[in-house]
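Okay, structure first, notes after.
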Amino acid sequence: MSSILLAVVIGAAFGAVLDRVGASNPNAINRMLNLTDLRLAKSILLAIGTGSVLMFGGQMLGLVEVGHMSVKTAYAGVFLGGLMLGAGWAASGYCPGTGVVALASGRKDALFFVAGGLLGAAAYMLSYPAWKASGLLDKIAGGAVTLGTVPGSRYEGLTALPGDILGLVLGLGFVALAFALPERLVRREATQTAPAE
Amino acid sequence: MSLNWKVGGLLLGLVFFAAVLLVKPIGVSTQFVIVDGIIGDLVNPDLVTQTDDGFTSTNAYLAKSGGKYAKSVANPLNYSFIFVLAMMLGGFLSVLARGGIGQSERSMPELWRANFGDNAVKRYAVAFLGGFVVLYGARLAGGCTSGHMMSGMMQTALSGYIFAAGAFAAAIPVSILMFRKEA
């Protein structure tokens with residue numbers, strides 16, 4: 001029962017923060033992706049960095065359970081699927097998590113996104129045997145690996161570098177990148193602000 | 001209203017960390033499969049069935065990995081499913097607390113309107129097709145922005161980096177080509 005309580009508390013916090021950083025706002029997503037307003041990208045980089053530093057720092061201090069890590073398998077389909085998700089993310093302004101939050105926040109287009117998503121997931125469920133047979137789901141580079149070797153972890157490392165120190169360093173790198181990234185990279189044509197009445 | 005990027009990023013990082021500390025990394029896109037499975041099982045009760053040591057399905061995807069998805073379809077009141085419902089509640093309350101989203105923005109985003117006009121059907125069609133491609137891609141990849149990119153890169157998972165490379169390699173050019181005007 002306590003796991004249900006945690007789901008409610010962490011899930012609600014996640015939904016609220018996604019709203020407040022603008023991740024469930026398609027305007028903010030496409031201003032990030034067309035490089036005109038990178039504040040959301042800075043938030044995301046800072047979030048990955050913060051999470052990484054706390055997790056690996058906590059592991060080194062013995063405060064964080066290494067066993068809670070859950071590393072997904074690497075295979076060619078991860079890249080292909082990433083390309084598809086990226087294209088749809090830009091076109092619609094939503095990804096799976098932010099789409100459901102946007103739906104709950106009253107955005108009507110998000111309802112169509114979620115409906116399309118349910119159909120897309122169903123289409124994958126039906127086509128899964130073909131992907132499996134294609135070999136594109138076969139693991140590459142060791143499969144479920146971390147970049148370094150994390151002490152006490154059940155996952156292997158891509159390299160023999162100490163995974164906890166590497167995680168801490170990469171985490172700090174993400175934080176530095178968040179601060180270094182400018183708020184805007186390109187300027188595009190502005191729309192007319194005052195249409196003739 | 002919106003948080004500044006530093007406070008927002010810090011809070012977002014704390015939520016991802018809390019999830020790993022207390023339970024497991026955040027992921028969302030699997031739950032689209034679970035909802036499909038629940039709907040499918042209502043239409044055809046033979047889709048998910050109980051076995052001696054768990055659950056299985058006539059659908060190979062639901063049956064894979066020892067029937068773990070089939071089990072979630074049979075018992076949806078589990079952590080990951082409730083998590084997504086709670087996300088919706090949290091997002092809803094957050095929007096409510098900041099005064100809601102305006103009517104015109106609710107029907108379509110202003111940046112879309114500036115680039116493609118007021119035709120709602122066009123926006124809904126693209127949102128629907130976008131949703132289809134996003135979830136098909138997420139299931140092919142085995143995760144989405146939260147599971148692969150955020151949780152994965154945070155844990156230094158190789159798969160998370162591969163996913164993020166693919167996602168941005170497509171998302172940035174598509175967005176630059178589609179959204180030429182600012183709003």
Residue list for the range A:1-30, filter: more than 7 Å from chain B (Cβ to nearest Cβ) and in a helix (DSSP H, G or I)
A:S2, A:L5, A:V9, A:A28, A:I29
Among the residues of the range B:167-183, write down those that are among the aliphatic types (A, V, I, L, M) and either under 14 Å from A:L185 (Cα atoms) or at pLDDT 95 or above (or both).
B:A167, B:A169, B:A170, B:A171, B:I172, B:V174, B:I176, B:L177, B:M178
Residues of the range B:134-183 being surrounded by fewer than 24 Cβ atoms within 10 Å (Cβ to Cβ), among the charged types (D, E, K, R) and either more than 7 Å from chain A (Cβ to nearest Cβ) or in contact with a Ser or Thr (Cβ under 7 Å, 6 or more places away or on another chain) (or both), which ones?
B:K181, B:E182
State which residue pairs qualify: first residue in contact (Cβ under 8 Å) with a residue 24 or more places away in the chain and inside the range B:91-113, second residue open to solvent by 20 Å² or more (accessible area, probe 1.4 Å) and assigned to a loop (DSSP other than H, G, I, E, B) in any location, beta carbons under 6 Å apart, and separation of 6 or more residues or different chains.
B:R98/B:M1; B:E110/B:A183; B:L111/B:A183
Test A:L83 against the stated conditions and say whether it is among the aliphatic types (A, V, I, L, M) and farther than 23 Å from A:L40 by Cβ.
no
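Could you tell me whether A:G135 is at pLDDT below 95, open to solvent by 20 Å² or more (accessible area, probe 1.4 Å), under 30 Å from A:G171 (Cβ atoms) and more than 7 Å from chain B (Cβ to nearest Cβ)?
no
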When residues of the range A:58-75 are filtered for being more than 7 Å from chain B (Cβ to nearest Cβ) and open to solvent by 60 Å² or more (accessible area, probe 1.4 Å), how many remain?
5
Inspect the range A:98-105 for any residue being touching a residue at least 60 places away in the same chain (Cβ under 8 Å), part of a helix (DSSP H, G or I), of a type in the set (S, T, Y) and closer than 25 Å to B:Q155 by Cα and give the result as yes or no.
yes
Scope the range A:24-35; condition open to solvent by 10 Å² or more (accessible area, probe 1.4 Å) and touching a residue at least 24 places away in the same chain (Cβ under 8 Å); matching residues:
A:N25, A:L35
Here is a list: A:A160, A:A178. Which entry is within 7 Å of chain B (Cβ to nearest Cβ) and within 30 Å of A:Q59 (Cα to Cα)?
A:A178
Against the definition (more than 14 Å from the chain's Cα centre (by Cα) and within 16 Å of B:A19 (Cα to Cα)), how does A:G11 come out, yes or no?
yes
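The values are calculated or read from the model by the stated rules, or taken from the named source; none is laboratory data. Just so it is clear, the structure is predicted and the values come from calculations on it, not from any experiment. Quick reminder, even Gly has a Cβ in these numbers, built from the backbone with ideal geometry, and neighbours come from all protein chains shown. Protein only, heavy atoms only, side chains kept; ligands, DNA and RNA dropped before computing areas. Shrake-Rupley method; radii C 1.70, N 1.55, O 1.52, S 1.80 Å.
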